[in-house]
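The block underneath contains the structure these notes are about, expressed in structure tokens.
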Amino acid sequence: MENYSLESLPTPDPKKQRLTRILLIVWLGLGLIIAAILCYILSAAFRPAPKLPLYVGDLDEYPADSVSKEFVNAKFFDETANKEIETLPLQVVRGAGQDFTVFFARSTNPAQAILIPRQCIVEWEDSLAQFLELCAGSRWTRDGKYAAGPAPRDLDKFPAHVENGKLYIDLELEKGAAHP
């Protein structure tokens, strides 16, 4: 065993130092690549699935200037009722052309919204030309605007679009405006 003093330390080999640095850079680069791949895989695993449009019906089912009630199967969390709903009650309003508005056919009053899908569904009344919710007596106009009753806002609606002669909605509920 050799004893070295500070003055007599062996000089490092420059070739070994260079090789050590190169290996360190290669390993760091590989580590960064592997970390990036793992981050991508983990983010894909926890990324929510894209929301697909939900089929409501064929266009020929809805005459011009009509209001039609539909029930569509979908797992949807209703924030007003604070529960998941498997069957969505809808009121499909078609204008004179290809313009559609699809309302969520339940009261915007949380006390009544809890009772759907079996009770308190918002119905269209032709004689009054209004939507009615008979459990508490709320009423809305054909365009979903609040008319009377304990409901705190306009009817909620789903964005609707037409593709290839079929009506679809996006399951992203647009809350109705609060009434004064």
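The values are calculated or read from the model by the stated rules, or taken from the named source; none is laboratory data. Given the structure is predicted, the values throughout are model-derived calculations rather than measurements. Positions of Cβ are generated from backbone atoms using ideal geometry, with glycine treated the same way; all protein chains shown enter the neighbour counts.
List of remarks:
- The set of residues in region 124-180 being under 16 Å from Val67 (Cα atoms) and assigned to a loop (DSSP other than H, G, I, E, B) consists of Asp126, Ser127, Leu128, Ala129, Thr141, Arg142, Asp143, Gly144, Lys145, Leu155, Asp156.
- When Thr101, Thr108 are checked against the criterion of being at pLDDT 90 or above and in contact with a Lys or Arg (Cβ under 7 Å, 6 or more places away or on another chain), a single residue qualifies: Thr101.
- Answer residue from region 62-101, given it is out of contact with any strand residue (DSSP E or B) (no Cβ under 7 Å at 6 or more places or on another chain) and surrounded by 13 or more Cβ atoms within 10 Å (Cβ to Cβ) and is nearest to Glu172 (Cα to Cα) among those: Thr80
- Qualifying positions in region 100-153 - within 23 Å of the chain's Cα centre (by Cα) and on the phi > 0 side of the Ramachandran plot: Gly144
- Among the residues of region 44-85, the ones that are more than 12 Å from the chain's Cα centre (by Cα), of a type outside the set (D, E, K, R), modelled with pLDDT of 85 or more and not in a strand (DSSP E or B) come to 4 in all.
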